[in-house]
Each structure stands twice: as C-alpha cells, then as structure tokens.
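Step one of this worksheet: look at the structure below.
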Amino acid sequence: MKLSPDLSLNPIDRRLASRLHMKQIDAVRYSESIGVFAEREIDTQVEMALSTALGGRGEVTPERRERAVEALQSIGSVVGPEMIGHFRRLALWSHRKSVHIFARSIPRIWFRSIAPEVVLFGERIEIPQEPGDDEDEDGPTYGKGERLSDAEWEALLSELIFPAPTQAAILAILEQPIGGKTTVQRLNELSRLIDDPGRVVDEMVRGIADGENLQKISKRLYARVDGVKASARRIARTEGLRVVEQMNRQALEPMQDMMVGMQVIASLDQNTRPHHAHRHGTIYYYDRRRKPTIDELPDLPDEPNCRCWSTPAMKPPEGFADDPDMRAMFANAAGDSIPDPGVYTDWFRDADLSARKLAVGSRRYRTMQKQLGEIEPEWPDFITPEGRLLKVDEIEAETPRERTARKSAVLASISRREDLISQIAQRGFVELVPGKRKRTKLKPPNNPAPV
C-alpha cells in the first residue's frame with residue numbers, strides 16, 4: 001500500500017516514521033508488561049480471598065466470608081492505582097524517546113524556523129558584544145564552528161524546545177474520557193466484571209463444606225476471574241498505547257511550524273480492521289484549505305486493541321523547494337509503506353527475537369526461518385527493493401537464486417538512500433548573526449548533522 005504522496009516524497013519523514021515505528025514496537029511490549037503486572041495483582045487478590053476463606057478451621061464465619069468478598073470487590077481499587085503509576089512512567093519514557101528520535105532524525109538546520117539562532121545547527125556561534133553590553137562572566141564561552149555532540153544537541157533541544165511533561169499533563173491524558181469513560185473509571189470497574197462476588201465466595205464456601213480439595217476450588221475461582229484479567233490486559237495495551245501516542249503529539253507541538261500535518265499509520269496484517277487499513281497513510285493537514293484537516297485526526301488508539309499511531313509530515317526548510325537538485329532528491333525518494341529500510345535493518349540486527357517477530361509478524365518470520373535453514377533472518381530478507389514487506393506466499397514461492405538477487409537489490413537501495421539522507425543533511429548550512437537576517441551559505445562541517 002502506498003503512503004500519501006506528500007509523505008512518500010520526503011525521506012526525512014520516512015526516517016522519522018521508521019524510528020517512531022521502532023518506538024511503537026517497544027511501546028506495545030511495555031504496555032503488555034503492564035498487563036502482566038495487572039494479572040499478577042489480580043491473582044494476589046484471588047489468593048487473598050482463598051486464604052481468608054480457608055484460613056480458619058471448621059465452618060467459615062460470616063466475618064471471614066465478608067473479608068473474602070471484599071478482597072474480590074477491591075480488585076479495581078487495588079490494581080488501578082498501580083497501573084496508573086505504570087502509565088505515568090510510560091508517558092515520561094514516550095516523551096524522552098520522541099525527543100531522542102527528533103534530535104537524531106531531523107537535520108539540525110531544519111530547526112531554524114523555531115529554534116533560537118545561536119543553536120540552529122548545533123554550532124556554538126560567537127555572539128559579538130554590542131557597545132555598552134555587560135560581559136556575562138557566568139555565561140558559556142562560544143567558539144565559532146565548534147560542533148555540539150549528538151548528546152549535547154539532544155540535551156539542548158530537550159531544554160529549550162521539548163521540556164518534559166508535568167505530572168498534571170500526564171494525569172490529564174488519563175482523565176480524558178474516551179468512549180464516555182476515563183482510564184481510571186475503566187480500571188475501577190474491573191471488580192464489577194466478577195458476577196456477584198458474594199455468590200462466588202458462597203460457592204467456594206460450599207465447596208469447602210462438601211470436602212472438595214483446594215486445587216478444585218482454586219481452579220473454579222480463577223476461572224471466574226479470567227474475564228477480569230483479560231479486561232485488564234486489554235486496558236493495559238489500549239490505554240498504554242494511547243498514553244504513548246498523546247505524549248508523542250505533545251512533544252510535536254513546538255514543531256508545528258515545521259510540519260505539513262500528521263499522518264496515521266496502521267499495522268497492516270491479518271488482525272487490522274478494514275477501516276483502519278483504509279485510513280493508513282492519510283495526512284491530516286494544518287492548512288485548513290486541505291482535507292482532511294488536523295481537527296479530524298482521530299485520538300489513537302480509537303478502538304480496543306487498535307495499533308494505529310501517527311507520525312509527523314514535515315515540510316522542508318525555506319529554499320529547498322526552489323532548489324532543482326533538492327527537488328530531484330525528494331522526487332526520487334518516493335516508495336511504499338515501509339518508510340526507511342536502512343533504519344529497520346540496523347534496528348532488526350540488535351533487536352531480540354520477540355521484537356523481530358512483532359515487527360514482521362510471527363508467521364512471516366517462521367516462514368522465512370524455514371526458507372533460510374540455519375541462517376538467522378535479516379530485515380532485507382523480508383522486503384522488496386521498494387520497501388514493501390513480502391507476503392507469506394511470496395516468501396514460500398521464492399527460489400534461493402531469486403532471494404539472493406532481491407536482497408542484493410534491497411541492499412543497493414538502502415545504500416542509495418543513505419547517500420540521499422547524507423546529502424540532505426549537508427545542504428544549506430548558513431551563518432546567522434544575531435540581529436541580522438542575512439543568510440550566507442557556508443561549507444558543511446566535516447561531521448554533518450546526524451539523521
């Protein structure tokens with residue numbers, strides 16, 4: 001499936017989308033770990049109900065019965081606050097990760113429209129003293145042309161453009177009603193999924209009186225809370241990904257002047273809803289003369305277990321559109337829905353097995369493993385030279401010779417794209433003197449801005 005033309009012509013967008021997809025895979029795993037935590041906490045409450053009912057000898061007293069009922073009724077109030085704490089930590093992680101991706105994916109010169117002139121390109125630039133200015137002994141000493149390291153540049157962006165979100169901002173996301181309910185309300189309702197906790201405990205008490213063994217009683221009780229655990233996992237995944245998405249959008253707010261709009265990306269596999277696949281690649285524009293507008297951008301995920309997310313559609317800095325060489329670079333960068341094979345290749349090499357399977361799909365991964373034998377699959381094994389993921393039947397039908405030829409073409413395509421990105425990063429370095437708007441072309445430094 002093709003991306004929207006606006007994004008497919010922009011290799012920086014493709015690199016951003018690739019790295020944000022890697023973040024999305026980590027976010028899915030992070031959210032699922034919150035679900036595992038919730039399951040364990042629910043099991044703890046069930047064990048408490050069991051031990052309370054079985055803790056004494058002889059007949060179960062009314063007091064012990066009430067305490068057992070209370071243990072089941074309080075699942076939501078016990079598990080909920082702990083999950084909220086995990087969501088808050090997930091939000092901070094999401095914001096930091098987004099800033100890291102922006103700093104490493106967007107050429108430094110592109111920030112000139114929103115960043116102070118002295119930090120535009122990650123250069124420490126001499127600021128000439130005006131007559132009568134007091135010398136600032138505590139301020140930094142700037143050496144013209146001295147390049148900031150990647151870490152220094154990221155720290156500078158974090159401080160001046162992308163400050164960390166406040167706890168109040170994070171809580172506002174969790175308190176925002178989606179489908180008529182907030183995250184807190186959904187968590188508090190977990191206990192209500194147990195049909196009549198009092199009756200559940202009474203069944204357990206009758207089992208004790210009838211001489212049933214503990215294993216049989218426990219098995220029946222745990223079966224009654226399976227729905228609660230499934231709901232907790234669904235909340236963890238859906239709400240966790242919503243927190244990640246909203247934090248990414250908040251991080252992007254200072255960059256709106258650098259953007260055309262936001263594009264929705266869907267995880268295209270057999271589990272993708274048809275209407276979600278249909279909106280894949282749609283750009284929602286800040287320019288209200290274009291449709292759809294940013295006001296129509298859906299809050300994602302917008303359905304249970306939805307895995308859609310959004311990525312920025314950047315506009316090149318001034319002057320790029322008027323440069324025929326640069327226009328040619330962007331026009332030659334059009335491609336399919338896997339935005340930047342080089343980014344995926346590097347990530348895939350270091351990712352663990354579960355993350356790799358999540359990126360390409362378990363069935364596709366197993367099929368390629370079978371085709372390769374003892375050789376471990378790499379990202380180029382799964383894609384066409386245009387960046388499209390191969391279908392399972394295409395992998396099965398491909399001969400070893402065809403696979404070798406395709407993979408060679410993929411690697412050549414990745415090399416050409418790396419050259420393109422490098423050229424874009426080195427184009428248009430300018431010198432800006434505070435107080436003056438004149439821009440003078442400079443020779444790019446030896447260590448160009450990372451992308």
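The values are calculated or read from the model by the stated rules, or taken from the named source; none is laboratory data. Keep in mind that what you see is a predicted model, and the values were worked out from it rather than measured. Glycine also receives a Cβ, built like all others from the backbone with ideal geometry; neighbour counts cover every protein chain displayed. For the accessible areas, the whole protein counts, side chains as well, though only heavy atoms, and no ligand, DNA or RNA atoms are used. Shrake-Rupley method; radii C 1.70, N 1.55, O 1.52, S 1.80 Å.
Summary table below
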{"read-out": "Hits in region 369-403 - residues which are among the hydrophobic types (A, V, I, L, M, F, W, C), assigned to a loop (DSSP other than H, G, I, E, B) and under 15 Å from Tyr344 (Cβ atoms)", "value": "Leu390"}
{"read-out": "Qualifying residue in region 55-63 (condition: of a type outside the set (Gly, Ala, Ser), in contact with a Leu (Cβ under 7 Å, 6 or more places away or on another chain) and either open to solvent by 50 Å² or more (accessible area, probe 1.4 Å) or in a helix (DSSP H, G or I) (or both))", "value": "no"}
{"read-out": "Answer residue from region 185-195, given it is under 18 Å from Asp43 (Cα atoms) and without any contact (Cβ under 8 Å) to a residue 40 or more places away in the chain and is nearest to the chain's Cα centre (by Cα) among those", "value": "Leu193"}
{"read-out": "Subset of region 385-408 (residues that are modelled with pLDDT under 85 and in contact with a strand residue (DSSP E or B) (Cβ under 8 Å, 6 or more places away or on another chain))", "value": "Glu386, Gly387, Arg388, Leu389"}
{"read-out": "Restricting region 204-230 to residues that are free of Cβ contacts under 8 Å to residues at least 24 places away in the same chain and open to solvent by less than 50 Å² (accessible area, probe 1.4 Å), the residue that is farthest from Ser74 (Cα to Cα)", "value": "Gly207"}
{"read-out": "Within region 82-105, tally of residues that are open to solvent by 60 Å² or more (accessible area, probe 1.4 Å) and either in contact (Cβ under 8 Å) with a residue 12 or more places away in the chain or in contact with a His (Cβ under 6 Å, 6 or more places away or on another chain) (or both)", "value": "6"}
{"read-out": "Helices (runs of 4 or more DSSP H) fully within region 145-260 counting 2 or more residues that are at negative phi and charged (D, E, K, R)", "value": "150-160, 197-209, 214-224, 226-252"}
{"read-out": "Unmet requirement for Ser158, which otherwise passes all of (1) over 27 Å from Ser77 (Cβ atoms); (2) hydroxyl-bearing (Ser, Thr, Tyr); (3) more than 20 Å from the chain's Cα centre (by Cα)", "value": "(3)"}
{"read-out": "Matching residues, region 236-276, being of a type outside the set (Val, Ile, Thr), farther than 16 Å from Cys306 by Cβ and open to solvent by 30 Å² or more (accessible area, probe 1.4 Å)", "value": "Gln250, Glu253, Pro254, Gln256, Asp257"}
{"read-out": "Selected residue (only one of Asp287, Asp295, Asp302 is more than 25 Å from Ala169 (Cβ to Cβ) and of a type in the set (Asp, Glu))", "value": "Asp287"}
{"read-out": "Region 371-393 residues that are closer than 22 Å to Val343 by Cβ, paired with ones that are assigned to a strand (DSSP E or B) and open to solvent by 30 Å² or more (accessible area, probe 1.4 Å) (beta carbon under 8 Å, 6 or more apart)", "value": "Phe382/Leu389; Ile383/Leu389"}
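Residue-wise test of (1) farther than 20 Å from Leu20 by Cβ; (2) modelled with pLDDT of 70 or more; (3) basic (Lys, Arg).
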| residue | (1), (2), (3) |
| --- | --- |
| Leu268 | no, no, no |
| Tyr286 | no, yes, no |
| Asp323 | yes, no, no |
| Ala333 | no, no, no |
| Ile338 | no, no, no |
| Ser354 | no, yes, no |
